[in-house]
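S.K.: Could you have a look at this structure, given as structure tokens, before my questions?
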Amino acid sequence: MFTKIIATGSYVPERLVTNDELAGMMETSDEWIRTRTGIRERHLFEDPSAAVGAEAEGTTVSSACIAGERAIHMAEEKGLQRSEIGLCIVATCTPDAVFPATACAVADRLGLSAPAAFDLSLACTGFLAAFNTAAIYLSSGMYKNALIIGVDVMSKLLDMSDRSTSILFGDGAGALVLTSDTRFREGSDSGVLKALLRTDGSRGGVLSCRSAYLNGPEASAMHMDGRAVFEFAVREVPRLITELLDGQPEPELYILHQANYRILEAVAKRLRQPMDRFPHNIERYANTTAATIPLLLDELMREGRLHDGDTTVMAGFGAGLSLGGVLLRL
Ligand code: UT7
């Protein structure tokens, strides 16, 4: 079934926070953060609970809208009208409200006409869950075009007195427009070749955050066994990718969730692939949870690195514990 990413967009808040700035706030150093994670800097809202101006109605909705508008603008330049987008899925674990869903506000603000709109929550694997769900809707013929957004305002959750988690995350949003309309075929037979999602809920305690909305302010601190998540990713992501490929030729690009540069290196090594097939931007944005993959896709699209007909693997992993992947012909 023909399915193609025809447009992308992204957004990060203006405020840049370097490792040195964090080192002024807690017992850490630029050297420790860079060598353990690859991160040099991240973008964070100053105080997401006191958002003003364009963010007045919430930083998650506004970030998603800016990224979404940029993706729709690119789609319009290619000849797809926003009124043709019938499905809007937002992946986030940091919504502005328990309800209504982020996607409902985003679809309204972006002027989509009567779309199906809902959120998916699978933390760092959320974008893959959204992508695979949208691809299934499109292949069923129920919708022709979808707007998919991964957005997380991690600064809502960060405890700046916990150096083991607060240095890892950033705020951001990435969006893409996926189409099954064959008028965009342009010769290449784009489509999803295989998609997978996996969870092991018995290990949910390894990475968790109980909602302060529902459980009181004490419940909002993030708990993470970093070493366990690291080992899970390094062991399971290569397995997932091997299963996705199932004897198919090596893809040109491996677009992985950006959690730690050392995870990317370890996965590349296990798959015996060179690092230049693993694009990365974790050094500039840190881990933006559901936004890492679409943020990276947007950069690759704008740099002209997503070539029609190439194959790519996208893979996410994280809280759940969960894993998601797709093998896609661009
Ligand atoms: O999207 C999924 C979200 N989560 C992740 O991706 C996390 C994956 N895990 C990781 O990225 C790595 O495990 C970390 C970067 C979190 C930690 O790296 P590590 O090499 O596994 O370090 P560690 O946890 O074994 O800690 C080593 C030491 C400890 O000190 P002691 O006990 O050896 O004295 C920590 O207290 O480093 C200490 N430490 C720090 N030191 C300076 C922990 N955080 C910091 C810090 N600055 N920010």
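The values are calculated or read from the model by the stated rules, or taken from the named source; none is laboratory data. Keep in mind that what you see is a predicted model, and the values were worked out from it rather than measured. Virtual Cβ from ideal backbone geometry, glycine too; neighbours counted across all protein chains shown. Ligands, DNA and RNA are excluded from the accessible area calculation, which covers all protein heavy atoms including side chains. Shrake-Rupley method; radii C 1.70, N 1.55, O 1.52, S 1.80 Å.
S.K.: For the range 136-163, how many residues meet the condition of being among the hydrophobic types (A, V, I, L, M, F, W, C) and open to solvent by 10 Å² or more (accessible area, probe 1.4 Å)?
M.R.: The number of residues fulfilling the criteria is 5.
S.K.: Assuming S166 fulfils every condition listed in (1) away from the ligand (no atom under 13 Å from the Cβ); (2) polar (S, T, N, Q); (3) crowded, with 19+ Cβ neighbours inside 10 Å apart from one, which condition is it?
M.R.: Looking at each condition in turn, S166 falls short on (1).
S.K.: Scan the range 229-256 residue by residue and report those that are closer than 20 Å to T289 by Cα and open to solvent by 80 Å² or more (accessible area, probe 1.4 Å).
M.R.: E231, R235
S.K.: Follow-up. Looking only at residues that are over 12 Å from A259 (Cβ atoms) and among the polar types (S, T, N, Q) in the range 289-330, which one is surrounded by the fewest Cβ atoms within 10 Å (Cβ to Cβ)?
M.R.: T311
S.K.: Further, regarding this structure: Can we say A266 is assigned to a helix (DSSP H, G or I), open to solvent by 10 Å² or more (accessible area, probe 1.4 Å) and among the small types (G, A, S)?
M.R.: The answer is yes for A266.
S.K.: Take the residues in the range 201-246 that are farther than 17 Å from L323 by Cβ, at pLDDT below 95 and among the charged types (D, E, K, R), then tell me which one is nearest to the chain's Cα centre (by Cα).
M.R.: Step by step, filter the range 201-246, then rank; the result is R210.
S.K.: Residues in the range 195-225 that are open to solvent by 30 Å² or more (accessible area, probe 1.4 Å) and assigned to a helix (DSSP H, G or I): how many?
M.R.: Result for the range 195-225: 11.
S.K.: Looking only at the range 181-194, which residues are surrounded by 15 or more Cβ atoms within 10 Å (Cβ to Cβ) and closer than 22 Å to A315 by Cα?
M.R.: Across the range 181-194, the qualifying residues are S190, G191, V192, L193.
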